[in-house]
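Below is one structure, written out as structure tokens; comments come after it.
The values are calculated or read from the model by the stated rules, or taken from the named source; none is laboratory data. Here the structure is a predicted model, which means the values were calculated and not measured. FYI the Cβ positions are ideal-geometry reconstructions off the backbone, even for glycines, and counts take in every protein chain you see. Surface areas here come from the heavy atoms of the whole protein model, side chains and all, with no ligands, DNA or RNA. Shrake-Rupley method; radii C 1.70, N 1.55, O 1.52, S 1.80 Å.
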Amino acid sequence: MTRVLVLNGPNLGRLGVREPEVYGSATHADLVDAVARWAADLGLDVDVRQTDDEAVLIGWLHEAVDAAAHVALNPAAFTHYSYALRDAAAQVTHAGLVLVEVHLSNPYAREAFRHVSVIGPVATGTVAGFGLESYRLALEAIAARR
Ligand code: DQA
């Protein structure tokens, strides 16, 4: 079965509590349940994880390369400045694996500092602005490309 790591960065463990007008009322546990359902329908073997720690996120990207797992990555604020995360993400796509950059909100419709993604140029593609549905669209893209 095709393996996919769904990786969520800092503050996404606070979904449901954190700025619900921007990120919606679903919690991270709701996100995990929804992703598990969508993955089962698409025949994908998913593992959903969240961390506030950049080093942990980088380690998970290395793990994806070594395990030949595709990745749906919501880098959260790291999107906008983490060259270390970008270098790790580049290893995923250079290994021939799909890496979809995912955002709940549409960063381009928000503050100027969110208009830059250092991850986008090394991702296979980006899905942003559809709330939890962004994750479903990312999984569909991975299922279509595998
Ligand atoms: C986010 C957008 C980022 O700008 C922000 O820092 C986040 C969440 C999103 O999913 O919309 O933490 O990645």
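Observations, loosely collected:
- Within the range 1-81: Cβ-based charge dipole about Cα centre, in debye rounded to nearest 20 (Lys, Arg +1; Asp, Glu -1): 80
- Farthest toward the positive end of the dipole of the chain, out of Ala77, Ile119, Gly13, is the Cα of Ile119, where the dipole comes from beta carbon charges about the Cα centre.
- Note that the chain presents 46 Å² accessible area per residue, ligands and nucleic acids not counted, probe 1.4 Å.
- The chain, relative contact order [Cα under 8 Å, separation at least 6], %: 26
- Cα convex hull volume per residue for the chain (Å³): 90
- Listed residues Thr51, Leu137, His28: farthest to the positive end of the dipole of the chain (Cβ charges): Leu137
- Taking 0.36 nm per residue of sequence separation and removing the Cα-Cα distance, the Asp41/His80 pair yields an extension gain of 10.8 nm.
- Sorting 43-54, 20-31 by their mean Cβ neighbour count within 10 Å, with the most densely packed peptide first, gives 43-54, 20-31.
- Debye, to nearest 20: dipole size of the range 2-145, +1 on Lys, Arg Cβ, -1 on Asp, Glu Cβ: 220
- Long-range HN-HN contacts of Ala128 with modeled amide H, under 5 Å: His103
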